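*Asks:* Sending over a structure as structure tokens; questions will come in a sec.
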Amino acid sequence: MKQAINKSKRSSRRRLPPIRSGEIIDYKNINLLRRFISEQGKILSRRMNRLTSKQQRLMTIAIKKARVLALLPFLNNEN
């Protein structure tokens, strides 16, 4: 009985979308791109980001462009 109550609570809770409606996925928007990169500099998976597949593709392309233009680091080895 308790499990059924816990499941209903869990499903009714809405998560906030990782990208707000006004935000555009662009290589120049560094603050947005940094939210989707791990501490080591790796691009986080779609499951961790909670992005749609189209958003994840656009995010990956934008991060790679930003890296080539030296706006983001390829690796983050600050030890």
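The values are calculated or read from the model by the stated rules, or taken from the named source; none is laboratory data. From a predicted model like this one, the values you see are computed outputs, not experimental measurements. Quick reminder, even Gly has a Cβ in these numbers, built from the backbone with ideal geometry, and neighbours come from all protein chains shown. Protein only, heavy atoms only, side chains kept; ligands, DNA and RNA dropped before computing areas. Shrake-Rupley method; radii C 1.70, N 1.55, O 1.52, S 1.80 Å.
*Asks:* I need the full set of residues from region 53-79 which are exposed (fewer than 14 other Cβ atoms within 10 Å of the Cβ) and among the polar types (S, T, N, Q), in order please.
*Replies:* Listed by number, the residues that qualify are S53, N76, N77, N79.
*Asks:* Continuing with this model, one more query. Any idea which residue in region 25-50 is most open to solvent (accessible area, probe 1.4 Å), counting only those that are in contact (Cβ under 8 Å) with a residue 12 or more places away in the chain and among the polar types (S, T, N, Q)?
*Replies:* Looking at residues that are in contact (Cβ under 8 Å) with a residue 12 or more places away in the chain and among the polar types (S, T, N, Q), I get Q40.
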